[in-house]
Structure formats: structure tokens, C-alpha cells
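Notes to accompany the following structure.
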Amino acid sequence: MKTVTLIGKPGCHLCDVARDVVVRVCDEVGATWEEKDINQDRELYRLYWEQIPVVLVDGQQHDFWRVDPERLRTALTA
């Protein structure tokens, strides 16, 4: 089973939209997901502060800014 990680921050509109896509697609395919606050992790902040929201699939960067549901679904079912 693959794991999706959404990296964002509170009050981020794009993060809210990305969360909706991640939740919907993960529910459809049975994948697990987690969310991390970029403000709580210095390394995540250093790596991704200009790109949030960032989506990782099994720890590898998959998307940033906008999450394409079809692309995510394909990555999770491949």
C-alpha cells in the first residue's frame, strides 16, 4: 500500500484544495495519507517552502502547487 504525504501549512488555500484531492483519491484507491505542517519541520521548510502544497508518494516528490487527481490516481495504482 502506498502512502501519500501532503506538506503544507495552516491558512494556505492551495493546501486546502490539495487536501481535498488527496483525501478523495486516497479513499478511492485505498491508499493511506498523512499531513505535515511545513512550519513544524525545519528540513521540510528548507526543501519545500516555495512549493507548498507539496505531495509525496512513498517519500518521493510527486506534485506541488496543484495536485492533478488523475496523475495521483495513476501513481497510486501503478
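The values are calculated or read from the model by the stated rules, or taken from the named source; none is laboratory data. Being a predicted model, the structure only gives us computed values, none of them experimental. Heads up, the Cβs are rebuilt from the backbone with ideal geometry, glycines too, and the neighbour counts pull from every protein chain shown. SASA here: full protein model, heavy atoms, side chains in, ligands and nucleic acids out. Shrake-Rupley method; radii C 1.70, N 1.55, O 1.52, S 1.80 Å.
General remarks:
- For a 4.7 Å threshold on C-beta separation, the list of partnerless cysteines in the chain reads 26.
- Under 5 Å from the amide H of residue 2 lie the amide H atoms of 32, each residue being 5 or more positions distant or on a separate chain, with H modelled from the backbone and absent for Pro and chain starts.
- For region 5-78, the antiparallel share of DSSP beta bridges with both residues in that region comes to about 65%.
- Charging the Cβ of each Asp and Glu at -1 and of each Lys and Arg at +1, and nothing else, the dipole of the chain about its Cα centre rounds to 100 debye.
- Long-range HN-HN contacts of residue 62 with modeled amide H, under 5 Å: 55, 56, 57
- Heavy atoms of residue 33: accessible area, 1.4 Å probe, square angstrom to 10: 90
- Residue 3 versus residue 50: modelled label distance in nm, points set 7 Å from Cα along the beta carbon direction: 2.9
- Residue-wise HN-Hα couplings along region 10-21, as the Karplus relation 6.51 cos²θ - 1.76 cosθ + 1.60 with θ = phi - 60° gives them from phi, are x, x, 9, 4, 4, 5, 4, 5, 4, 4, 4, 5 Hz; Gly and Pro carry x.
- Ranking 5, 38, 26 by Cα position along the charge dipole of the chain, where only Lys, Arg, Asp and Glu carry charges on their C-beta atoms, puts 38 farthest toward the positive end.
- The chain, accessible area per residue, ligands and nucleic acids excluded (1.4 Å, Å²): 62
- Largest accessible area first, the listed residues 62, 13 line up as 13, 62 when surface is computed with a 1.4 Å probe on the assembled protein chains.
- Per residue, the average separation of C-alpha pairs within less than 8 Å and at least 6 apart gives region 1-77 a relative contact order of 41 percent.
- Given [x] 24, 12, 11; [y] 20, 12, 10; [z] 22, 13, 11, the label whose value is semi-axes √(5λ) of the Cα gyration tensor in Å derived from this model: [y]
- Expected 222 nm ellipticity per residue - DSSP helices of 4 or more, -39500 (n - 2.57), all of the chain, to 500: -13000 deg cm²/dmol
- Top of 66, 19, 42 by mean-square fluctuation, Gaussian network on the chain, Cα under 10 Å: 42
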